[in-house]
Structure formats: structure tokens, C-alpha cells
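Structure record follows, encoded as C-alpha cells.
The values are calculated or read from the model by the stated rules, or taken from the named source; none is laboratory data. Remember, predicted model here, so these are calculated numbers, not experimental data. Note that each Cβ is placed from the backbone with ideal geometry, even for glycine, and that neighbours are counted across all protein chains shown.
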Amino acid sequence: HQQELARLPAGREEGARQAQELRAPEVPLAQVDRRHPGGEPRQDAARRRGEVGRQASVGDEMDTGRAHLVIGPGPLVRDRRRDASRWIAGGTDPGDVDAQLQALLTFLDAQRARQAPRFPSVKSEKVLSFMGTTSQAGTHAAVSVNRVRRLEVAGSQELRVHLAGALPRPPLPGECISVHITHVEEYQGYQVKTRALAGAATAELFEADAGGLVIRGSQIYTVHHSPYTMKFFERIPFDEVLRTVGSIPCALVAVGETANLSPRFIFHHEVKAGRLALFHGDGLALKTYMNLRANRQETRLVLDLDGWSGFALKGTDEEFQPHQHPEAYERICAGFAAGNWGKPSRVFRFVADSWQPVAPAP
């Protein structure tokens with residue numbers, strides 16, 4: 001992981017340094033039970049309408065082959081049977097967990113300031129994050145960050161996304177691959193999704209090449225406001241996708257049943273009893289909400305938007321009522337008001353069970 005961070009392009013050292021702090025057990029924990037305001041409103045109801053669309057049917061869970069996750073809130077010990085970068089639960093000293101959690105909190109705090117210039121019209125503290133969900137109960141989306149080599153139109157029904165690196169894991173039968181490419185400052189982006197895998201025919205979804213892999217997208221969905229927001233079955237011109245996100249350097253990838261990656265602003269975060277909680281609001285009941293109704297497990301990506309490195313957090317979402325978390329609800333409503341988005345129709349609390357650093361492959 002340190003070698004990967006070292007290879008990040010110049011000008012992105014700060015994001016890499018913050019991600020690398022996860023591995024620094026000497027960082028002291030400061031006030032574990034303190035509350036951390038953070039995050040900002042996501043796109044308003046109109047912007048969220050852009051998420052409407054039929055999805056391929058699919059299934060997923062966090063790749064056990066990449067299971068070097070920091071497990072919280074219990075203590076940690078290095079598993080000598082694994083490589084030196086992987087961690088498992090165990091041991092007796094909670095100091096390691098405290099240091100890892102402090103590094104994650106430091107990263108979140110830094111992102112509030114670093115991301116603010118990208119969203120100048122929304123005068124509220126916030127951190128943009130990305131929710132990875134699936135519809136298969138008890139599973140987590142397997143996620144990765146990949147550099148985009150190019151987009152290729154292949155006939156009238158397929159958009160191919162050429163990526164560097166590898167998938168977080170291969171899809172299983174019934175699962176799909178979703179590639180999220182977004183122009184965050186313009187609140188405009190797309191998910192390019194494959195069909196659901198039938199049997200062992202993985203070549204219908206993706207194939208490896210000399211530079212990495214090629215995803216064969218058969219459906220495209222908006223993830224922000226666009227002229228197609230009122231159409232449930234979207235038909236988005238390939239030219240529009242190329243024009244809007246063709247120059248974006250990195251994509252987010254999710255594998256799972258009805259895998260979905262959607263942006264959410266974190267308006268507030270806090271730590272209680274050693275557990276990190278992130279709070280966000282929603283407008284319309286669209287693809288993410290449909291997945292959460294079937295499966296409350298989520299993989300949340302929190303990234304430095306300059307270098308696209310950061311953390312993947314694995315945990316559970318729960319809808320809450322305003323009186324249960326009044327401070328969080330107040331901050332969510334303030335964020336929505338700052339964006340002129342009305343009030344959220346639903347509010348959610350995501351509790352992280354484990355996390356790991358992520359960065360694009362070179």
C-alpha cells in the first residue's frame with residue numbers, strides 16, 4: 001500500500017499522506033467520545049431524480065481476498081499468516097484501534113476544508129462521500145478506485161470503460177459491475193452498468209487487456225441532476241457521457257447484486273463508545289433507498305477529490321427519527337437549507353464496523 005501511495009502523481013501527496021495515516025499506530029487518540037461536525041448536503045430532490053433508472057439484477061460482498069480491514073472498535077493484532085499490510089481482530093491493547101480511528105477522524109476533518117472550494121454555493125460544512133450498496137441481504141459492495149484510461153462507444157448498445165488496475169473482485173452469477181464517473185463540482189455524473197452475470201460468461205461483462213481491464217457497459221444512469229431526471233427508463237446519448245465525464249481521471253467501481261454507487265454529503269459525524277457514525281439525508285426514494293430496504297449493509301467511500309485516495313468504510317445504515325439524534329438532524333437540515341434543497345424526507349446514520357485505505361492503481 002505504501003508503494004501504491006508513493007506512485008500517486010505529483011500534487012496529490014497530501015491526500016496520500018492522510019490515507020497513509022491509517023497505518024500509524026503511534027498517532028494518539030484525542031477525545032474518543034467527542035462529536036465531529038462534518039459533511040454537507042447531497043444533491044437536492046431534483047438532483048436526486050437523476051438517479052432514477054432500471055438496474056441490472058446482481059449480488060456482492062466485501063472481497064475476503066482484500067480483507068486487510070481495520071476492525072473496530074475492538075483491539076487489533078497483525079496476522080503473521082497474512083502479508084504485512086493486513087490486519088485482523090485480536091490482541092488486548094486497544095491503543096492500535098484508537099490510533100487508527102484518530103487517523104480516520106483527522107482525514108474527515110481535513111476533507112471538510114479541502115472540499116469546500118469545490119462547492120462554494122453551499123455554505124455549510126460537509127464531506128462528499130459515495131455509498132456503495134447492493135440488494136442482497138447481509139452483503140457489502142466490493143469497491144475500488146480505478147484510473148480511467150478512456151471511454152469507447154461500441155455500437156449503439158454498449159459503452160466500454162477502459163480502466164487501469166483490477167476489479168475489487170470478480171462478479172458472481174447474478175451480480176453486475178457498476179462504474180461511477182462523476183464531475184463533482186457540476187453535480188453531474190453517470191453510472192455505467194453491465195448486465196447481470198449469467199453463469200460463467202464473465203467476458204460479457206468485462207475482459208482484461210494489456211493496460212488493465214475493459215468494462216462492457218450496457219446501461220447508463222445519471223447520478224446527479226440532468227435533463228433526463230423525470231424518465232424512469234433512461235436512454236442517455238453516449239456523446240453526452242463523453243462530453244460530461246470523458247476527462248475525469250478516476251472512476252469508482254462496485255461489484256454486487258444490483259450494485260449501486262451514489263454520492264452523499266456527510267453533514268455530521270461523531271464517535272460514541274469507539275464507533276464512528278456518519279449522518280446524511282435523502283430526498284427521493286430511488287435506487288440507493290431501494291437497495292437499503294433489502295439490505296442495510298453499505299460500503300462507504302470517503303476520498304480526497306484531488307488524488308482520489310482515502311478510505312472505504314464497511315458498516316450498516318439505519319434510518320432515524322429527528323429526536324433520536326437531534327444535533328445530527330439539525331446539521332443535515334442546515335446543509336439542505338444551504339443548498340436550497342428544502343428538507344430531507346429521510347435521514348440516515350451509518351455506523352462503521354471496519355475500514356481500509358484505498359487508492360487508485362498506478
E125 passes all but one of the listed conditions (1) modelled with pLDDT of 50 or more; (2) not in a loop (DSSP other than H, G, I, E, B); the exception is number (2)
Has the stretch 333-354 got any residue that is in contact with a Cys (Cβ under 8 Å, 6 or more places away or on another chain) and within 23 Å of V184 (Cβ to Cβ)? yes
Among the residues listed as V358, V347, the single one being touching a helix residue (DSSP H, G or I) at 6+ places or on another chain (Cβ under 9 Å) and within 20 Å of V271 (Cβ to Cβ): V347
Matching residues in the stretch 302-333 (crowded, with 18+ Cβ neighbours inside 10 Å and in a helix (DSSP H, G or I)) number 5
Here, strands (runs of 3 or more DSSP E) confined to the stretch 249-289 with at least 1 residues that are crowded, with 24+ Cβ neighbours inside 10 Å, touching a residue at least 12 places away in the same chain (Cβ under 8 Å) and of a type in the set (S, T, N, Q) are 260-266
Could you check, for the stretch 138-149, whether at least one of its residues is more than 15 Å from the chain's Cα centre (by Cα), more than 30 Å from A277 (Cα to Cα) and charged (D, E, K, R)? yes
State whether one or more residues within the stretch 114-134 are without any contact (Cβ under 8 Å) to a residue 40 or more places away in the chain and either closer than 19 Å to L278 by Cβ or touching a Ser or Thr at 6+ places or on another chain (Cβ under 6 Å) (or both). yes
When you look at V58, is it buried (at least 22 other Cβ atoms within 10 Å of the Cβ), among the aliphatic types (A, V, I, L, M) and modelled with pLDDT of 85 or more, yes or no? no
Which numbered condition A273 fails, given (1) in contact with a helix residue (DSSP H, G or I) (Cβ under 8 Å, 6 or more places away or on another chain); (2) on the phi > 0 side of the Ramachandran plot: (1)
